[in-house]
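Asks: If you scroll down you'll find the structure; I have some questions about it.
What follows draws every value from the coordinates through simple rules; no lab data is involved. On a predicted model such as this, the values are computed, not experimentally measured, just so you know. Glycine also receives a Cβ, built like all others from the backbone with ideal geometry; neighbour counts cover every protein chain displayed.
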């Protein structure tokens, strides 16, 4: 450790851990001397490889040597070929390699906002949902007015958030895939952080009828009359009439939200979405394993954890299927992969669109290597259920929430699934943030962690240099999550007000 | 006129013009007495129809009687069947029915901001473009900071606008269809209202390389070094470092923009995008013909006009092909229709997804009737060129800019094509607005025009009641467009600050 990281004893490549990379001639032990300079996060051959030899990282095949590679050489790009993806028809299902759930832990709590349906919010937010983009200008207008004029009167309410989107009209509302954006909008409105207080602005002539989006009596856990408002309603005689109508409605909802108080809740009501973006070669060594350790702790405390990103786990699906808690779950996993293979093919794309140029510069050779690092953030728990895109979670424990890898689409679908806390691991760095839930940003390397000290919430870099263990940092992250969920600690994105758009998944090729 | 509108002498249905509809028993002349109450905008049979008989409006077949329909009866929904769309293989090409361009007019001017490339802005805006959604939170942050801290120092600059979007990463960047969103972003940055002053914020690891988006030396008409800024650039040691970097760059651009002044320009440099949304049965009688008359005036003054919305002209394509200025243009029109037919089919959709429920309530029976009213806004000029989605206009005169009908996608693609002024006709009412160009909102009926008096800029309703002619109101609209282009008159959307998002067309079924 210190200079080079080898993840399993089987591996025949090591990862350069030193922040400045390692110069030619460096002796990294075991008779390996670098024959060229290698940047941080990149791979060095630990033994001589002939063309066709397996290249092993995480104890798994990430490719085959495409040319002779000498011990000490930089293993990059074209020097290795990508293996074929696991054949979905040949996977064995439900062959558990885990010994069942790890021992449960108890006594961990946080301060949250309890809802009638049993869910718990980590923020107390008034949501303005919309049926169509046509009303976006209006909803933004009233959001600002509410923030300025009403929120100061309701100190227990954290924020007002508009669920703006590009769906609702000018879309093929009867196409088979329409179910995904529609149920996503329905379920986002049920996110625990909205506490059932959702105000819906519709236009009136849109294809996505607001009453289809929020069927009366089902829109939230209690649906007071007047939740739904149409701008084209003939009772509005002017723009300012509409504004007053919305403000009145908002005021009623805010009054109810303001009566809520944080209460001590067990960690078992946490619903934590795990995601990574802008990954580098360290993500799979530091950030993701730490997140995975924390994920295991949340599951062991009785809570719920999501991991996602179909295209980035596709090449590690053989490992995930073995962790399915039942044959049904294994089949559901395989089905989501198959749906996505087909979806990409229809759009003339395939998995090679991943990894990004930035991933490559960070040392990730291909999507196989990326996938193996990516699944580390799911920890080691059994996968208890598979949640389709836009669906809501049904079971506590570790869930696979099937989403694209796009950060914003994944985050949006995890919100729809019911997440109340988000962990986002990055190696290259992104100022990602969501307004609905706190996003705890984890850096995979200390170079980023220190350069972006005001944008990163948790630096997992010390693991790469042997200063801390995954277990130590996993517990630290777990405790930080409880503090953030309680509102005791504000994440960088909220402190700076950096929030990205919600982005619906309306199928059409997104990888 | 007054009670009922018959558009051509051939028509065997009339449109109820009275704002409150007409009661049963109303004698509408020529021996037609209503056998039931009929709402405003809906159709009444002017003669007895047997099953299979053609139903004629605009002198064209909008369907066939599905059952016996008696004179005086309401012609609605299921009573008529939809004709098949014109067979693209059987269309005659370039058979002009027009006598060539109408006589030119001259002497009409407005006050605009001249750019080096010959284009003219109707606003003077600093654009912040972005390569990827990851930077949206940051770009919104600096946009507000620029508006608050810098704009007050540069009184000749109208605004700062972020070109935010959901593209750039997590997308199939090498898919065949990727060319559309990419060239859209490239060309929006060249919109005349940005005056060549575009600041680009990239992340650093995204798939859509900012340098691909804005190739050095081509990003704008003059590309000073430092236009492009990456948040992951190692020279930024913190969030506030990034913010200062962007503010410095913005300041340089603002200084140049602030030196610009409005100058008298001929109407020939206007580039006017025509669009309708939330249409009703009146749109094709009042708003769209008035917009079409104004479109003709702009073309006659040497200017440029766009009309768009493939799915809404598809069923009137036989009329458009006859207006093509050459066989090549006719073939290009047909090709755009064919591409869209195929695109819809691949997504499991077809043209029946149009009209919307609101259109139907407004009296539009099907997409054929909607299309016939929709093309009225193109006026009568020859169609000189066809501009693909995301492409930039090449020729003055009337252009078909091939876009989906979705209001926001259409508006975004018209901005990319180079529009500096937008006309938006609505019957049901929508608070649509864009921040980049003024949007003149035209109501098709006075019921909406008076109810939404603070949201509508021009009421074409008086035509339905014989109070004004299309020609009179067409000239009025033309003069109003010159006043708006000059900045002398502020449109409702700008007065209230109601602006919708730009929405990229990343193919995946949008109708």
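Asks: Spin-label point model (7 Å from Cα, Cβ direction): what's the residue B:156 to residue B:345 distance in nm?
Replies: According to this spin-label approximation, the distance is 5.5 nm.
Asks: At a 10 angstrom cut-off on C-beta neighbours, averaged per residue, how do the peptides A:319-329, B:36-46, B:365-375, A:252-262 rank from highest to lowest?
Replies: Most protected by this proxy first, the peptides run B:365-375, B:36-46, A:319-329, A:252-262.
Asks: Provide the FRET efficiency to the nearest 0.05 for the residue B:174-residue B:102 pair, computing r from the beta carbons and using R0 = 45 Å.
Replies: Once rounded, the FRET efficiency stands at 0.45.
Asks: For chain A, what is the mean residue ellipticity at 222 nm derived from helices alone (per DSSP H run of n ≥ 4: -39500 (n - 2.57); sum divided by total residues; nearest 500 deg cm²/dmol)?
Replies: Helix contribution divided over all residues of chain A: -8000 deg cm²/dmol.
Asks: Taking a label point 7 Å from Cα toward Cβ, how far is residue A:260 from its twins in the other copies, in nm, shortest first?
Replies: Ordered by distance, the counterparts are at 4.6 nm.
Asks: So, one more: Other chains' Cβ within 10 Å of B:162-174 residues: what's the mean?
Replies: The per-residue average across the peptide is 6.
Asks: Does a label point 7 Å from the Cα of residue A:488, set along Cα-to-beta-carbon, have any residues of the range A:232-267 with amide nitrogen under 19 Å, and which are they?
Replies: Those under the cut-off are A:261-267.
Asks: Under the definition of partner shielding as Cβ atoms of other protein chains within 10 Å of a residue Cβ, what is the mean value for peptide A:123-136?
Replies: 3
Asks: Can you list the copy-to-copy distances for residue A:106, using a point 7 angstrom from Cα toward Cβ, in nanometres, shortest first?
Replies: Output for residue A:106: 9.3 nm, nearest copy listed first.
Asks: Going by average Cβ neighbours within 10 Å, how do the peptides A:238-251, A:421-434, B:118-131 rank, with the highest at the top?
Replies: The peptides rank, most packed first, as A:421-434, B:118-131, A:238-251.
Asks: Now for a separate question. Between the range B:263-325 and the range B:417-452, what is the C-alpha centre distance in whole Å?
Replies: The distance from the Cα centre of the range B:263-325 to that of the range B:417-452 comes to 14 Å.
Asks: Now for a different question. How are the C-alpha pair distances of the range B:111-258 spread across 5 Å bins, as whole percents from the shortest bin up?
Replies: 2, 10, 20, 22, 21, 14, 8, 3, 1, 0
Asks: Right, another one. Using Cα centres only, tell me the gap between the range A:1-78 and the range A:119-149 in whole Å.
Replies: 51 Å
Asks: On to the next question. As I understand it, the value is the acute angle between the Cα axis of helix A:136-145 and the longest principal axis of the Cα atoms of chain A; what does it come to in degrees, rounded to 10?
Replies: 80 degrees
Asks: Another question, then. Using a 7 Å offset from Cα along the direction of the beta-carbon, what are the separations from residue B:61 to the same position in each other copy, nm, ascending?
Replies: 6.3
Asks: If you don't mind, another one. Could you work out, residue by residue across A:369-378, how many beta carbons of other chains sit within 10 Å of that residue's beta carbon, and then give the average as an integer?
Replies: 0
Asks: Another question about this same structure. Using only the Cα atoms of the protein assembly as shown, each taken as one equal point scatterer with no solvent, compute I(q) by the Debye sum, divide by I(0), and report log10 of the ratio at q = 0.04 Å⁻¹.
Replies: Ignoring solvent entirely, the Cα scatterers give -0.21.
Asks: Would you mind calculating the gained length between residue B:453 and residue B:395 on full extension (0.36 nm times residue separation, minus the Cα-Cα distance), in nm to one decimal?
Replies: Answer, rounded to one decimal: 17.3 nm.
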